[in-house]
Amino acid sequence: MYCEDFLQDGDKLYEFGIIKVTFESHFLDSNGNETNGVGVDLYEIMMTIQEHPFLQDVPGVKEHFWNMFIIDALIGNTDRNNSNWGIILRKDGSKDIAPVYDNGNCLNSKWDDGKMRIVMNDADKMEAEAYKARRCIFELHGKRVNPYHIIESREYPECLEAVYRLTTQIGNNMDKIQALIKEVPILSEIQKRFFTSIIQYRYEKVLLECIKNDCIH
């Protein structure tokens, strides 16, 4: 089973966008504009996680965000917006981080076999699509960021911690990840090759390289 309802009777899901827009102490984003629930400026998201009263008794929110950021980078999810992650308010008043959901924009889901074949047969195109020319939903100074540049910059300590935390787990389970993709019956052979290749590429060229370069520094 790949899908399930993670809410129990009486639970309520508060998406991050709803939480963010209710914050009375509005922050300025990295471009000097006031925040809102829709805004995906990375600086204001970090400030909301750090300061919003609703999140203060929910441990691990920032860690969870960066975990999602790394895995989304691995699978090429370009749409981790404020409406597809959040907090569950339980019937008894306790809070939990919601399981990761809404991953429909990953793995070049709108590409056909022909486009995948062209990219796989051109090393420069493959490198660009894997990480060099990619953008995600988050912004800094009004421009969408390349998540792999954020990882490589090592500017955010929590992001680097997530790289260390997850890279070993990804490497230890890479055979299972690739086997899972190959077992999906509705995927063509080209799709299976493309998905397994690009995930391996990002793992080796971004995550492992980040750890290697961090050790050198």
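The values are calculated or read from the model by the stated rules, or taken from the named source; none is laboratory data. In this text the structure is predicted, and so the values were computed from the model without any measurement. A quick note on method: Cβ atoms are made from the backbone with ideal geometry, for glycine too, and the neighbour counts reach across all protein chains shown. When the accessible area is computed, the model is the full protein with side chains, heavy atoms only, and any ligands, DNA or RNA have been set aside. Shrake-Rupley method; radii C 1.70, N 1.55, O 1.52, S 1.80 Å.
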Report the extension gain between Q56 and D102 in nm, rounded to one decimal, defined as 0.36 nm multiplied by the number of residues separating them, less their alpha carbon distance. 14.1 nm
For K205 and I190, extending 7 Å from Cα along the Cα-Cβ vector and measuring point to point gives, in nm, a value of 2.0 nm
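Which FRET efficiency, nearest 0.05, do S153 and Q178 yield, Cβ-Cβ r, R0 41 Å?
Using R0 = 41 Å, I get an efficiency of 0.90.
For N121 and Y14, what is the calculated FRET efficiency with R₀ set at 41 Å and r taken between the beta-carbons, to the nearest 0.05? Working shown, then result.
Numbers: r = 46 Å, r/R0 = 1.11.
E(calc), rounded to 0.05, equals 0.35.
If I take R0 = 22 Å and measure r between the Cβ atoms of V38 and R135 in this structure, what FRET efficiency does the formula 1/(1 + (r/R0)^6) give, to the nearest 0.05?
Values: r = 18 Å, r/R0 = 0.80.
Calculated value: 0.80.
As a test of the formula, what do you get for the chain when each DSSP H run with n ≥ 4 contributes -39,500 (n - 2.57) and the sum is divided by the residue count, at 222 nm and rounded to the nearest 500 deg cm²/dmol? Walk me through the intermediate numbers first.
Working: 10 runs with 98 residues, N = 217.
-13000 deg cm²/dmol, from helical runs alone.
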Sites excluded, trypsin sites (Lys or Arg not before Pro) in DSSP loops with at most 12 other C-beta within 10 Å, longest stretch of the chain: 111-217
Could you report the chain's accessible area per residue, 1.4 Å probe, as an integer in Å²? 55 Å²
With DSSP loop assignment and no more than 13 other C-beta atoms within 10 Å, the GluC sites (Glu not before Pro) in the range 90-168 are E155
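Would you mind giving the average projected area, over all directions, of the Cα convex hull of the range 1-143 in nm² with one decimal? Each step should come with its number before you reach the end.
Working: hull surface 41.4 nm².
Average projection, Cα convex hull of the range 1-143: 10.3 nm².
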Where is the GNM fluctuation largest for the chain (alpha-carbon springs, 10 angstrom cutoff): L160, L89, L74? L89
Using a Gaussian network model of the chain whose springs link C-alpha atoms within less than 10 Å, name the residue from G171, G60, G114 with the highest mean-square fluctuation. G114
Most fluctuating of W66, W85, W111 in the GNM of the chain (C-alpha, under 10 Å) is W111
